[in-house]
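The values are calculated or read from the model by the stated rules, or taken from the named source; none is laboratory data. As the structure is a prediction and not an experimental result, all values here were calculated from the model. Positions of Cβ are backbone-derived with ideal geometry, glycine not excepted, and every protein chain shown enters the neighbour counts.
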Amino acid sequence: MKINKYVDIETLGSEAKKDYIDRHSPFIHTAATAKKGEKLEVKVVMGKEYKHPDDFDHYISTMELWDGETLLGRTEYAAGSQSNAPVNQEVSFFIVPSKNLKLIAQAVCTKHGLWQSDEVLVEVQ
Ligand SMILES: [Fe+2]
């Protein structure tokens, strides 16, 4: 499966392209530093400025959190979980780090494929 990677939408010309890229991109929200052995919340949110539909034939079906090439967690959704309305779908993963993290989020749209976030580094002390 092709991996679509996030592009800074300020660099894009057309409104349609900005909407398309933004609503399919997972964004990672977490602390820049964490303590070894303590619980860390990593929130993944789809889109910043645009919402993705939740239609029966077009919805975000999977959201995943990776540390480099290691899968940390995955959540799966059914169509209609967001009331069939456009939404910035989100999930919180709670992990307990033992070393520095290189976090990447991936998400799957049932119509537009696999999408990957920028890397987010977390220093673990
Ligand atoms: Fe889509």
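Things to note:
- Residue that is nearest to the ligand (Cβ to nearest atom) [pool: residues in segment 32-61 that are loosely packed, with under 14 Cβ neighbours inside 10 Å and within 20 Å of Lys102 (Cα to Cα)]: Glu41
- Hits in segment 8-25 (condition: of a type in the set (Asp, Glu) and either assigned to a loop (DSSP other than H, G, I, E, B) or surrounded by 15 or more Cβ atoms within 10 Å (Cβ to Cβ) (or both)): Asp8, Asp19, Asp22
- Residue among Gly113, Gly73 that alone is within 17 Å of Ile3 (Cα to Cα) and under 16 Å from the mean Cα position of the chain (by Cα): Gly113
- The condition (being of a type in the set (S, T, N, Q) and more than 16 Å from the ligand (Cβ to nearest atom)) is satisfied by just one residue among Ser98, Ser81: Ser98.
- For Ile21, the test of being in contact with a helix residue (DSSP H, G or I) (Cβ under 7 Å, 6 or more places away or on another chain) and aliphatic (A, V, I, L, M) is passed.
- A search for C-beta distances below 7 Å between a residue of segment 50-64 that is under 17 Å from Ile3 (Cα atoms) and modelled with pLDDT of 95 or more and any residue that is part of a loop (DSSP other than H, G, I, E, B) and not aliphatic (A, V, I, L, M), counting only pairs 6+ apart in sequence or on different chains, returns Ile60/Tyr77; Ile60/Gln89; Ser61/Tyr77; Ser61/Thr110.
- Residue within segment 102-119 that is over 20 Å from Asp8 (Cβ atoms), of a type in the set (D, E, K, R) and within 16 Å of the ligand (Cβ to nearest atom) present: yes
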